[in-house]
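Chemist: Below you'll find the structure I mean.
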Amino acid sequence: MKKLLKCAICLLPFAIIFSGCGPKEKVTHIAVALPLTGDIAALGQGLNRACALALEEANAQGRFQGYKVEMVSFDDRSDPREAVSVANRIVSDPSVVGVVGHFNSGCSIPASVVYARAHLPMISPAASNPKLTQQQLDPSWQYPRSIFRVNTTDDVQGPYAADYALKTLKTKRVAIIHDKTAYGQGVAEEFRKRFEAAGGTVISFDGVNVADKDFNALLTRIHDTGPQILYWGGDYAGGGLVVRQARGVGINTPVILSEANLDPEYLRVAGPAAEGTYVTFLGAPASILPSAAEFVKRYQARYPNDELKAYDHWGYEAMSIFLDLIHDVGPDKEKILAALPHIKHEGVLGVTQFDEKGDTLNKTITIFQVKDGKFVPLK
């Protein structure tokens, strides 16, 4: 018995060695690049949770055989320079076959070039500046068409808001303020173009640094020009402050804000001044989208202590598209890149297809008004 035990102990190290030499499961990564810290971290964190949920569900269904799909998250801090740094780190990892991101247009545009150079497909769940995808049609573009997005763009949102101001609110004189970002200034410029083309007058067009937080001098000057409406291009970090301070200096005209203000944080920052203001939104939020009803239930069950953010279903959809393609064509970025332009994905957003630029064919805009402290969709 002692001899047998001794032999077993002697053979154990070899058993361990040989058991470790078996075939290892291949790991494929999808990168998620979002603002996970900073002023709008709540939006990035919500998107990150939605992406994780999509992957968890796919793995629970056993959709991937012979390889494992994992998600790796990166924080771009809403900073274009950090976004480029993040993009370079992502493309240095050969196991990454796709990127969900970025959130801000100012981050997405420079980072997209890094991904395109590496033939790595990206799907943005929120960046809305038209330049992000238009750059791929420029004759000087030397890379594959690798940039896609699941959300509607500012050249749809801005004109929609301008038409609403002119035709529904019956206003003719607008003061426009933006946050100087590619997103905020971009949507403000789209609003201005349509407003002026349709016969309205833009009495001022100003950019502010949101970090300054005090816009009273600018708003006092705007008040003296007699605007009939105020338009804000930017996210809730600035939108809430602008609206609150505008009311404080006596600007009581209607206010329209771009979609990055459709968040409870805007209501908290603006306080009572938010009442009656309007917010346009790219597409429709999950709460009023029939195709997203089941997603909402699953999200709330998975994250009972977290608010469902306005963009979360877009992140879920972007991740789902990548997961479907990995399942269909394999964990190969070149095959995924070749398949993306031709997809017809049915999911939480309804049907998603891309045009020649990489933009979704869905051009829906929803407008909300704050009533009794809540965002109420208008017909």
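The values are calculated or read from the model by the stated rules, or taken from the named source; none is laboratory data. Only a predicted model underlies this, so the values are computations on that prediction, with no experimental measurement involved. FYI the Cβ positions are ideal-geometry reconstructions off the backbone, even for glycines, and counts take in every protein chain you see. Just so you know, the surface numbers come from the protein's heavy atoms only, side chains and all, with ligands and any DNA or RNA stripped out. Shrake-Rupley method; radii C 1.70, N 1.55, O 1.52, S 1.80 Å.
Chemist: Match the structure shown to one of the listed values (1) 68, 46, 41; (2) 99, 48, 38; (3) 70, 60, 37 of Cα extents along the principal axes in Å, computed from it, and give that label.
Modeler: Derived directly from the coordinates: (2).
Chemist: Using amide H atoms built in the peptide plane, which far-off residues or other-chain residues are under 5 Å from S124 H to H?
Modeler: Residues meeting the amide H criterion: G101, F148, R149, V150.
Chemist: In degrees, nearest 10, range 0 to 90: what is the angle between the Cα axis of helix 312-329 and the longest Cα principal axis of the chain?
Modeler: With rounding to tens, the tilt is 40 degrees.
Chemist: Could I ask something else about it? What is the spin-label model distance, in nm, from K193 to K172 if the labels are put 7 Å beyond Cα along the C-beta direction?
Modeler: Modelled inter-label distance: 2.5 nm.
Chemist: If the limit is 32 Å between Cα atoms, which of K213/K333; K180/K333; K131/K167 go over it? It would help to have the intermediate numbers written out before the result.
Modeler: Details: K213/K333 43 Å; K180/K333 35 Å; K131/K167 28 Å.
Beyond 32 Å between Cα atoms: K213/K333; K180/K333.
Chemist: Let me ask something else about it. Taking amide H positions as placed in the peptide plane 1.01 Å from N, state which residues far from I365 in sequence (5 or more) or on other chains have amide H under 5 Å from it.
Modeler: Amide H neighbours of I365, under 5 Å, 5+ apart: G283.
Chemist: Would you mind calculating the gained length between Y303 and D39 on full extension (0.36 nm times residue separation, minus the Cα-Cα distance), in nm to one decimal? Don't jump to the answer; show the numbers that get you there.
Modeler: Numbers: separation 264, 0.36 × 264 = 95.04 nm, distance 2.17 nm.
Working it through step by step, the gained length comes to 92.9 nm.
Chemist: Among all the aspartates and glutamates, which ones have a C-alpha under 19 Å from K357's C-alpha, if same-chain residues fewer than 8 places away are not counted?
Modeler: D138, D154, D155, E190, E317, E334
Chemist: Where the only charges are on Cβ atoms (+1 Lys, Arg; -1 Asp, Glu), what is the dipole of the chain about its Cα centre, to the nearest 20 debye?
Modeler: Value, rounded to 20: 640 debye.
Chemist: If you fit an axis through the alpha-carbon atoms of helix 182-197 and take the longest principal axis of the Cα set of the chain, what angle between them do you get, 0 to 90°, nearest 10?
Modeler: Between the helix axis and the principal axis of the chain, the angle is about 40 degrees.
Chemist: Something else: What is the magnitude of the charge dipole of the range 311-379 about its Cα centre, with +1 placed on the Cβ of each Lys and Arg, -1 on the Cβ of each Asp and Glu, and no other charges, expressed in debye to the nearest 20?
Modeler: Details: 8 positive and 11 negative charges, 80 e Å.
The dipole magnitude comes to about 380 debye.
Chemist: Further question on the same structure: With everything on Cα atoms, drop me the angle between helix 154-163 and the longest principal axis of the chain, reported from 0 to 90° to the nearest 10.
Modeler: Helix 154-163 and the main axis of the chain meet at about 30 degrees.
Chemist: Which of the lysines could be linked to K309 by a straight reach, that is with a Cα gap under 21 Å, when you skip same-chain ones fewer than 8 residues away?
Modeler: The qualifying lysines are K297, K363, K371, K374.
Chemist: Continuing with this model, one more query. Between S291 and E356, take the C-beta separation as r, use R0 = 30 Å, and let me know the FRET efficiency to the nearest 0.05. Could you put the intermediate results ahead of the total?
Modeler: Numbers: r = 25 Å, r/R0 = 0.83.
The value I calculate is 0.75.
Chemist: Follow-up question, since we're still on this one. Amide H neighbours of G98 under 5 Å, counting only residues 5+ apart in sequence or on other chains, H built in-plane at 1.01 Å?
Modeler: A31
Chemist: Quick one: 3J(HN,Hα) in Hz for the range 86-99, Karplus 6.51/-1.76/1.60 with θ = phi - 60°, rounded, Gly and Pro as x.
Modeler: My calculation for the range 86-99 gives 4, 4, 5, 5, 5, 6, 6, 9, x, 7, 7, 10, x, 10 Hz in order.
Chemist: Also, quick follow-up: Give the carbon-plus-sulfur fraction of the accessible surface of the chain in %, rounded to a whole number; probe 1.4 Å, heavy atoms of protein chains only.
Modeler: On the way: 8970 of 16530 Å².
Ligands and nucleic acids excluded, carbon and sulfur reach 54 percent.
Chemist: Here is a follow-up. Applying the Karplus parametrisation 6.51 cos²θ - 1.76 cosθ + 1.60 with θ = phi - 60° to the phi angles of the range 242-253, what ³J(HN,Hα) value in whole Hz is obtained for each residue in order, glycine and proline being reported as x?
Modeler: Each residue of the range 242-253 in turn: 4, 5, 4, 6, 4, 5, x, 9, x, 7, 10, 6 Hz.
Chemist: With θ set to phi - 60°, apply the Karplus curve 6.51 cos²θ - 1.76 cosθ + 1.60 along the range 222-230 and write out the HN-Hα couplings as whole Hz, x wherever there is a Gly or Pro.
Modeler: Values, residue by residue: 5, 4, 5, 8, x, x, 8, 7, 10 Hz.
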